[in-house]
Amino acid sequence: MYIKLSVPILLLVTCFRACAQKELYTPTLKNQHNQEINWEECKYIIIGNRKGDGDTGKLWADKIFNYKTKEKEKICAIATIPKWITRTPGSKYFIQKSIFILEKHISVFIDWGEDFSNKNHIYEYPSLLIIYNKMGKITEIGRITGDYNNKNWKQFISLSNLFNKAIKINS
């Protein structure tokens, strides 16, 4: 009996949590050029991990840029690197140089030890966050997880329109 009731309650809580806006944990992250991320300039954050999500993240970035051509500088890419990968001496250096070679034109900020991902409850990759900055407080407006497809694209457009409404209301 308790198990039958707990599953719908757990799903409801999970759904509500995903839909609710929350303040984003914003640690200091550096890119492959050793420059710090400027959270105030980000509008879209694409998060990928080591399992080959780079192409999917790039597809997301290209689609957003084609949809909103003035938004290229507002797209931030974050690569999450688990702690176990960085235990080998020199591994951080090689990871940073690999990203530098592969991604010369876009800044990829490195989340060493998955600190950003874990504290913001990002467990599926790639993930796309739409964020809003008001007076230094960065709030997540919405999140899309998974590969680029029509369903996720429609969700992105909906969340992006919500972002634009938030800006107009608070201006």
**OP:** Go through LYS30/LYS63; LYS74/LYS134; LYS30/LYS92; LYS43/LYS63; LYS63/LYS165 and tell me which ones have a Cα-Cα distance over 19 Å in this structure.
**Re:** LYS30/LYS63; LYS63/LYS165
Original post:
What does the accessible area of GLU103 come to, in Å² to the nearest 10, when a probe of 1.4 Å is used?
Top reply: 40
Original post:
Extension gain ASN161-TRP84, at 0.36 nm per residue separation less the Cα-Cα distance, in nm?
Top reply: 23.8 nm
Original post:
So how much slack lies between ASP147 and GLU40, counting 0.36 nm per residue of separation and subtracting their Cα-Cα distance, in nm?
Top reply: 35.9 nm
**OP:** Rank these residues by their accessible area, most exposed first, probe 1.4 Å: SER107, SER117.
**Re:** SER107, SER117
Original post:
Given labels modelled 7 Å from the Cα in the Cβ direction, how far is it in nm from ILE101 to LEU59?
Top reply: 2.5
Original post:
What Kirkwood hydrodynamic radius, in Å, does segment 35-153 give when the mean of 1/r is taken over all pairs of distinct Cα atoms and then inverted?
Top reply: 14.9
Subject >> Long-range HN-HN contacts of ALA77 with modeled amide H, under 5 Å >> reply: ILE46, PHE109
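The values are calculated or read from the model by the stated rules, or taken from the named source; none is laboratory data. Predicted model, so just to flag it, every value in this text is computed and none were measured. All Cβ positions, even for glycine, are placed from backbone atoms using ideal geometry, and neighbour counts span all protein chains on display. Ligands, DNA and RNA are stripped out before the accessible areas are found, and what is left, the full protein with its side chains, is counted by its heavy atoms. Shrake-Rupley method; radii C 1.70, N 1.55, O 1.52, S 1.80 Å.
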